[in-house]
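Reviewing the structure listed below.
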Amino acid sequence: MSDPRPIGIFDSGMGGLTVMRALRDRLPNENFIYLGDTARLPYGTKSGDTVTRYAVQAARALIARDIKMLVVACNTAASVALPILQTALEPLPVIGVIAPGAAAAVAAAKEGPIAVIATEGTVKGGAYVRAIQALSPRMPVVQQAAPLLVPLAEEGLVRGEIARLAVERYLKPLLATLPRPRALVLGCTHFPALKEMIASVAGPDVTLVDSAQTTALSVARMLAEQGLLNDAPGGSALFLATDAPDRFANVGEIFLGSPIDPGSVEVVDL
């Protein structure tokens, strides 16, 4: 039986729209509700307790819209709050972006090493290291917090000298480690907006791993297994933001890859 209920997605800001973009490409019949907590971003510099509280509040707001699945499209929130959300919201399916990203990294660099750039919170929590080494226990993993990349992405400063200098600051020491990393995980959903610049600095011998595509695969698989797919053609999108809906629409286009009607962005209070 077809299930037209929407898939809920949340992130600290607009970065999770990269995940939504991949989901829409793979699941064009599905309806989506996206929540960007733009009033309180970034999550990556906040404590685990605070991020968990924010994640629970975002999840509740989406559940109130009768979602059939929750996608935690924020790496920081997934790294600290995913098990809590999965337990608290059962039987609602809850998927994060870290496990799919780790699987893609191991597949891309079977012998390693694997490098990870992420927010401070994700790096300190070690979620990618645990997820990668759960799949490949001896895999060497090096990490680097890259907090400046989040506001650059949110401001749309993804090209030019400022973006290059910021990317070089974080990547050059990381990629100078020996042996040189074979794969680089973009461990924040904001970072794919800077993918072109990151690839230029990293060079052609380093495979970039964007968890959005593998997350979309995991979501499609789980929907099929649980009989939750929507077979009716169409697909719709509703956007929720906790602040600055016009800015969300304007800058969000960079992440989503298509225009966002400002009239489709609803302001909510968590």
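Key figures
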quantity: Residue match in segment 42-65 (condition: modelled with pLDDT of 95 or more, of a type outside the set (V, I, T), in a strand (DSSP E or B) and farther than 16 Å from C188 by Cα); calculated: no
quantity: Condition check for V116: assigned by TED's automatic domain parsing to the domain that holds R182, in contact with a helix residue (DSSP H, G or I) (Cβ under 6 Å, 6 or more places away or on another chain), surrounded by 24 or more Cβ atoms within 10 Å (Cβ to Cβ) and within 30 Å of L178 (Cβ to Cβ); calculated: yes
quantity: Within segment 235-270, considering residues that are within 10 Å of G36 (Cβ to Cβ) and touching a Lys or Arg at 6+ places or on another chain (Cβ under 9 Å), the one surrounded by the most Cβ atoms within 10 Å (Cβ to Cβ); calculated: F255
quantity: Among residues of segment 1-36, those that are part of a helix (DSSP H, G or I), within 18 Å of R221 (Cβ to Cβ) and either of a type in the set (A, V, I, L, M, F, W, C) or in the same structural domain as A153 (by TED's automatic domain parsing) (or both), counted; calculated: 4
quantity: Residue in segment 203-225 that is without any contact (Cβ under 8 Å) to a residue 24 or more places away in the chain, basic (K, R) and within 20 Å of A104 (Cβ to Cβ) present; calculated: yes
quantity: Matching residues in segment 226-270 - criterion: being hydrophobic (A, V, I, L, M, F, W, C), in contact (Cβ under 8 Å) with a residue 60 or more places away in the chain and closer than 22 Å to N29 by Cα; calculated: L228, L229, A232, A237, L238, F239, L240, F255, L256
quantity: Odd one out for L194 among (1) touching a residue at least 40 places away in the same chain (Cβ under 8 Å); (2) outside the structural domain of A153 (by TED's automatic domain parsing); calculated: (2)
quantity: From the options A99, A78, A103, residue that is in contact with a strand residue (DSSP E or B) (Cβ under 8 Å, 6 or more places away or on another chain), outside any strand (DSSP E or B), buried (at least 19 other Cβ atoms within 10 Å of the Cβ) and in contact (Cβ under 8 Å) with a residue 24 or more places away in the chain; calculated: A78
quantity: Boolean, K110 is surrounded by fewer than 24 Cβ atoms within 10 Å (Cβ to Cβ), at pLDDT below 95 and not small (G, A, S); calculated: yes
quantity: Tally, over segment 218-249, of residues that are assigned to a helix (DSSP H, G or I) and either within 20 Å of M1 (Cα to Cα) or outside the structural domain of R60 (by TED's automatic domain parsing) (or both); calculated: 7
quantity: Verdict on E225 being exposed (fewer than 15 other Cβ atoms within 10 Å of the Cβ) and not hydroxyl-bearing (S, T, Y); calculated: yes
quantity: Residue count for segment 238-259, restricted to those that are in contact with a Phe, Trp or Tyr (Cβ under 8 Å, 6 or more places away or on another chain) and farther than 12 Å from M14 by Cα; calculated: 1
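Yes/no matrix, rows are residues, columns are (1) in contact (Cβ under 8 Å) with a residue 24 or more places away in the chain; (2) in the same structural domain as A244 (by TED's automatic domain parsing):
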site	(1), (2)
T38	yes, yes
K46	yes, yes
D49	no, yes
R53	no, yes
L62	yes, yes
L89	yes, yes
G112	yes, no
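The values are calculated or read from the model by the stated rules, or taken from the named source; none is laboratory data. Just so it is clear, the model here is predicted, and its values are computed rather than measured. Don't worry about glycine lacking a Cβ; one is built from the backbone with ideal geometry, like all the others, and counts go over all protein chains shown.
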